[in-house]
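The values are calculated or read from the model by the stated rules, or taken from the named source; none is laboratory data. These figures come from a predicted structure and were not determined experimentally. Glycine also receives a Cβ, built like all others from the backbone with ideal geometry; neighbour counts cover every protein chain displayed. Note: areas computed on protein heavy atoms with side chains; ligands, DNA, RNA excluded. Shrake-Rupley method; radii C 1.70, N 1.55, O 1.52, S 1.80 Å.
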Protein chains: 2
Amino acid sequence: MRVIDGTHDPALTSWVESANRQGGDFPIQNLPFAVFRRSGSGEPLRCAVGIGDQVLDLALLGAAQPLEGLAARALAACAEPALNCLMALGSEAWRALRQGLSEILRSGSRHAAHAAGALVPQSDAEFALPARIGDYTDFYTSIQHATAVGRLFRPDQPLLPNYKWVPIAYHGRASSIGVSGQEVRRPYGQLKPTGAQEPQLAATSRLDYELEVGVFIGTGNPRGEPVSIGRAEEHVFGLCLLNDWSARDVQAWEYQPLGPFLAKNFATTISPWVVTFEALAPFRSPWSRPDADPQPLPYLDDPALRVLGAIDLELEVALETAAMRERGAPPQRLSRSNFRDSYWSIAQMVAHHTVNGCNLKPGDLLGSGTQSGPGSGEAGSLLELTDGGRRPLALESGEMRTFLADGDRVILRGWCARQGFARIGFGEAAGIVLPAA
Amino acid sequence: MRVIDGTHDPALTSWVESANRQGGDFPIQNLPFAVFRRSGSGEPLRCAVGIGDQVLDLALLGAAQPLEGLAARALAACAEPALNCLMALGSEAWRALRQGLSEILRSGSRHAAHAAGALVPQSDAEFALPARIGDYTDFYTSIQHATAVGRLFRPDQPLLPNYKWVPIAYHGRASSIGVSGQEVRRPYGQLKPTGAQEPQLAATSRLDYELEVGVFIGTGNPRGEPVSIGRAEEHVFGLCLLNDWSARDVQAWEYQPLGPFLAKNFATTISPWVVTFEALAPFRSPWSRPDADPQPLPYLDDPALRVLGAIDLELEVALETAAMRERGAPPQRLSRSNFRDSYWSIAQMVAHHTVNGCNLKPGDLLGSGTQSGPGSGEAGSLLELTDGGRRPLALESGEMRTFLADGDRVILRGWCARQGFARIGFGEAAGIVLPAA
């Protein structure tokens, strides 16, 4: 179980002035990890933490050996071009590094003068995927999403009988995962228009986003050795934002019987920032489900889960059309939801994934599935917001949308906020739709 | 299109005498790639080709620089602990290396004396996965398998309407793929016994194998740029055998709506040998389908496909129970089939996989799906052979099997044979079932 310690103290300030700005994503209590280099520099990639409007270059910082012991070993792992080495070191090392970096970045730190030389403005940084992602698994943890999508694809049986028992998931495509800023060319695919006798190859006309939380695995498990639910969170390094782009017309035609394939694997966009589980400790909230629903089987149940198994993480999706961009109008928020409402928790995802002995590895990515909330306007995809394309959205720009148009930029954002604690932001995961080739 | 050249000449012999033995898997016309080290040596892994009962250590061979130009560059890539570097070099480099190795290994070669020092008996070698597999995709290309399995899972609609149009596939798990010899602990999983009110966690009682062909991608494609069917085969490095272990009771309960997940991802076993597409050139056969069936959409069709799109590759699965092992009885063949009968070809798999811009990478693995043939006894899984477990198999040992028992060793084999050409063998992909933990 992650604990709240001095690194979460809301009174902490940093000598990096921008980190002390009210409402920013990256106060000293956050310290999310990323992989970067200076834009256009061709420099080697290396790990960093975000602080205010800067990144702290951990390779450069580490060269001066400001930390000792486990924290120093963890910092040394950050000279790599991906977080995998740090992830593999385990939760004690992550905690030690967090503590060390927090001390270095605090107002009055004796390291300030030196560490200032390792700062790079985020505006001068180009980000890469935070980890080499070996396997990517996408869950389906929002019962609201599962029900809404089920209604469209299977009107007779929206929520299947296994849903409340099994944390449903499928394997996704790792090669096409990209970092915020990803360009997504409208894909072609085989689809069968309504009423058509035969399928055809066409550019999708039902391109959609999905608002998800990504979960980066830190330490893995050997093949054949399940991770118990009580130990599951120890294997989690941190969270990011994830857009599971989807071609709904392709999906409808291809998905039976083996699940989504080309409808999803052309692109997945994640945020450059991985917010650590440590940073999220103050925002844990009880996990529960309605008494009338089946309670989880023992391998998916745990007392700690009932106390603090969920995460109070606000999510939102915003759309910037080409017309908005031309006029300098800001993106329009399309919906909000909260990861707290997920029907299955992260610990349950990990325990279920490994109960058969499936081996997870450092850097593996789990998607939460689209996070649609119980309220109106809390749908995490256009499919849901427009009732399968039947009720177009009227945008403030005067434009209409059922599904995404070329030039649309989709921006996911996330943040944790709680009275008495510093706001922890996730930055954004943005991607833009290019016309079909 | 791969051509038949001098390397296929059936009159070729090797100074490695065991390669000239009639009916062996690894004559000089084959030269399949693998990754190995001497058993228990702790040496670095490196690439090799199989020749007779030996492997030729390509790292050691390469140190003497016996080749020039493109072939030398390809040979240098074989000092790596995986085939990915060689795969990335492309089909011209693969062909040049094959030509060079064929000349080195021929009877009378001036390199014989030196190259003999780079031979290691296969019995002294331990094999690793031939490539770092980034993404693993499993297709479903046997219409006999799809129909038979569909009948069991969906009696009302065995073959779904998309099957004859879409080369159905799903993403599998890369982390749990192992090489022949893999131990497979009987997995636990959530399942719902017939007639039970609620699901439970239990060790699977319906553990099965699936007889598949694996396809290793050589050169990849950039994200957003589909591979046309006419160029698809240029991206294929070679083929292996693949056992997609499956827990049928878990599968039945979990697979809707997103496809198989824990029922499949606990283990996948492949052969150590990758037989190159070059070596298979003499065994290409026409691809066709019944006139009454829909013909492929243009992006999946190609004149060359109709001429030589399929591969005449014999497959078989054999079972060795613990009792057979104790008695020294040989494994019993359970079924045979031929990859030639696949409803979809390899080129169609590649073209379909990338039509939406999904990027393939060197070392990615495609599974063909279970290869069940049209004849009786040609079913590639126990699920089919026992009619869903309703008709137990009586083994020659006097034992009965519906699904796999602890201690069962499953052995997949494959070979190409054609009058006037040397037999090209695939070795085997074997794995053994351990009791549940």
(message) Suppose R0 equals 51 Å. What FRET efficiency, 1/(1 + (r/R0)^6) with r the Cβ-Cβ distance, do residue A:289 and residue B:45 give to the nearest 0.05?
(response) 0.60
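Taking beta carbons within 10 Å but only from partner chains, what does the mean come to for residues A:139-147?
Values: counts 2, 2, 0, 0, 0, 0, 0, 2, 0.
Mean number of neighbouring Cβ atoms from other chains: 1.
Place a +1 charge on the Cβ of each Lys and Arg in the stretch A:6-128 and a -1 charge on the Cβ of each Asp and Glu, then give the dipole magnitude about the Cα centre in debye, rounded to the nearest 20.
Details: 9 positive and 12 negative charges, 33 e Å.
Dipole magnitude for the stretch A:6-128 comes out near 160 debye.
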(request) Would you mind counting up the charge near residue A:270? Only other residues with Cβ under 11 Å from its Cβ, with Lys and Arg at +1 and Asp and Glu at -1. (result) -3
(message) If you take the accessible area of B alone plus A alone and subtract the pair, what total do you get in square angstrom, rounded to 100, with a 1.4 Å probe?
(response) 5300
(message) For residue A:164, give me every one of the lysines with a C-alpha distance below 29 angstrom, ignoring sequence neighbours fewer than eight places off in its own chain.
(response) A:264, A:361, B:192, B:264
(message) Using a 7 Å offset from the Cα along the Cα-to-Cβ direction at both residue B:20 and residue B:395, what is the distance between the two label points in nm, to one decimal?
(response) 4.0
(message) For residue A:124, place a label point 7 Å from Cα along the Cα-to-Cβ direction in every copy; what are the distances to the other copies, in nm, shortest first?
(response) 5.8
(message) Need one value for B:352-364: mean number of C-beta atoms belonging to other chains within 10 Å of its residues' C-beta atoms.
(response) 6
(message) To test your reading of the geometry: what angle, between 0 and 90 degrees and rounded to tens, separates the Cα axis of helix A:143-153 from the longest principal axis of chain A?
(response) 30
(request) Using only Cα atoms, locate the centre of the stretch B:389-408 and the centre of the stretch A:369-400, then give the distance between them in Å, rounded to an integer. (result) 53
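Kindly state, to the nearest 0.05, the FRET efficiency for residue A:231 paired with residue A:110, given R0 = 41 Å and r defined as their beta-carbon distance. Could you put the intermediate results ahead of the total?
Working: r = 38 Å, r/R0 = 0.92.
FRET efficiency, residue A:231 to residue A:110: 0.65.
Given contacts defined as C-alpha pairs under 8 Å and at least six residues apart, what's the relative contact order of chain B, whole-number percent? Provide the component values of the computation, followed by the final result.
On the way: 1076 pairs, mean separation 91.9, N = 437.
Reported relative contact order: 21 percent.
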(request) Give the percent of DSSP beta bridges with both residues in the protein assembly as shown that are antiparallel, rounded to the nearest 5. (result) 85
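I'd like the FRET efficiency for residue A:205 and residue A:73, computed as 1/(1 + (r/R0)^6) with the beta carbon distance as r and R0 of 41 Å, rounded to 0.05. Could you put the intermediate results ahead of the total?
Numbers: r = 52 Å, r/R0 = 1.27.
Efficiency computed from Cβ-Cβ geometry: 0.20.
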(message) 7 Å from Cα along Cα→Cβ at both residue B:123 and residue A:327: what's the point-to-point distance in nm?
(response) 8.1
(request) Please work through chain A and write down the cysteines that have no neighbouring cysteine Cβ at a distance under 4.7 Å. (result) A:85, A:240, A:358, A:416
(request) Can you tell me the dipole magnitude for chain A around its Cα centre, using point charges on the Cβ only (Lys, Arg +1; Asp, Glu -1), in Debye to the nearest 20? (result) 100
(message) For residue B:45, place a label point 7 Å from Cα along the Cα-to-Cβ direction in every copy; what are the distances to the other copies, in nm, shortest first?
(response) 2.2
(request) Please list A:15, A:245 in order of solvent-accessible area, largest first, computed with a 1.4 Å probe with all protein chains present. (result) A:15, A:245
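Using a 10 Å cut-off on Cβ atoms, rank the peptides B:133-145, A:303-315 from the highest mean neighbour count down. The partial results should precede the final answer.
Working: B:133-145: 25.2, A:303-315: 18.7.
Listed from highest to lowest mean packing, they are B:133-145, A:303-315.
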(message) Can you compute the helix-only [θ] at 222 nm over chain A? Use -39500 (n - 2.57) per DSSP H run of at least 4 residues, normalise by all residues, nearest 500 deg cm²/dmol.
(response) -5000 deg cm²/dmol
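Taking each residue in B:186-194, count the Cβ atoms of any other chain within 10 Å of its Cβ, then average. What number comes out?
Working: counts 3, 6, 5, 5, 10, 1, 4, 0, 0.
Mean partner-chain Cβ count within 10 Å for B:186-194: 4.
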(message) Consider the operator that turns chain B into chain A: which B residue has a Cβ nearest its axis, and what is that gap in Å?
(response) B:259, 1
(message) Could you tell me how far the Cα centroid of the stretch A:163-178 sits from the Cα centroid of the stretch A:13-56, in Å?
(response) 30
(message) Going 7 Å from Cα along the Cα-Cβ axis for the label, what nanometre distances separate residue B:394 from the same residue across the other copies?
(response) 7.7
